[in-house]
1. Considering only lysines 8 or more places apart in sequence, or on different chains, count the pairs in the chain whose C-alpha atoms sit under 20 Å apart.
2. Going through the chain, which GluC sites (Glu not before Pro) have at most 15 other Cβ atoms within 10 Å and a DSSP loop state?
3. Could you please report the charge total around residue 82, scoring K, R as +1 and D, E as -1 over all other residues with beta-carbon less than 11 angstrom from its beta-carbon?
4. Could you work out the local net charge near residue 2, counting Lys and Arg as +1, Asp and Glu as -1, over the other residues with Cβ closer than 12 Å to its Cβ?
5. Mean residue ellipticity at 222 nm from the helices of the chain, using -39,500 (n - 2.57) per DSSP H segment of n ≥ 4 over the full residue count, to the nearest 500 deg cm²/dmol?
6. Need one number: nm distance between label points at residue 10 and residue 61, each 7 Å from Cα along Cα→Cβ, rounded to one decimal.
7. Using modelled backbone amide H atoms (1.01 Å from N, in-plane), which distant-in-sequence or interchain residues come within less than 5 Å of residue 50's amide H?
8. Under 1.5 on a/c is rounded, so check that first for region 33-88, then, if it is not, pick prolate when a/b is larger than b/c and oblate when it is not; a ≥ b ≥ c are the square roots of the alpha carbon gyration tensor eigenvalues.
Amino acid sequence: MRKIEIDFKIYSTKQKLFSFLLPQIEGLYGTNYDALIDALSFYDTPLLFHLINLSYYENQSSLLEVLQIIQKENTLIQYTIEKKPDFN
């Protein structure tokens, strides 16, 4: 299974997130949630999104809703959520 790790301390906005995802996901041609759904709905390789520090993302609920839609349409796509301790 391919794993994409996303630390939202680094990718805290939609623009930053998509700048990271575009080169990672074959078939992703736009920088919006609809494009992500389109690209991953028929993705034929198992893929795990490992989401770290999600609370730093500007719109967590929209992203989670999109990932749930994708997961319903394609069971090869999964995600996990991890909160890393903040030592600062």
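1. Count of close lysine pairs: 10.
2. Details: sites: 5, 26, 58, 65, 73, 82; in loops: 26, 58.
Qualifying residues, ordered by number: 26, 58.
3. Working: positive: 83, 84; negative: 5, 7.
Here the charged neighbours net out to 0.
4. Values: positive: 3; negative: 5, 26, 44.
Counting the neighbours of residue 2, the net charge comes to -2.
5. Working: 3 runs with 31 residues, N = 88.
Theoretical 222 nm ellipticity from helices: -10500 deg cm²/dmol.
6. 2.9 nm
7. 4, 5, 6, 80
8. Details: a/c = 3.04, a/b = 1.82, b/c = 1.67.
Prolate shape, in that a/c is at least 1.5 and a/b is the bigger ratio.
The values are calculated or read from the model by the stated rules, or taken from the named source; none is laboratory data. If you're wondering where the values come from, they're calculated on a predicted model, not measured in any experiment. Reconstructed Cβ throughout: ideal geometry from the backbone, glycine too, with neighbour counts over all protein chains shown. These accessible areas exclude ligands, DNA and RNA; they are computed on the full protein's heavy atoms, side chains included. Shrake-Rupley method; radii C 1.70, N 1.55, O 1.52, S 1.80 Å.
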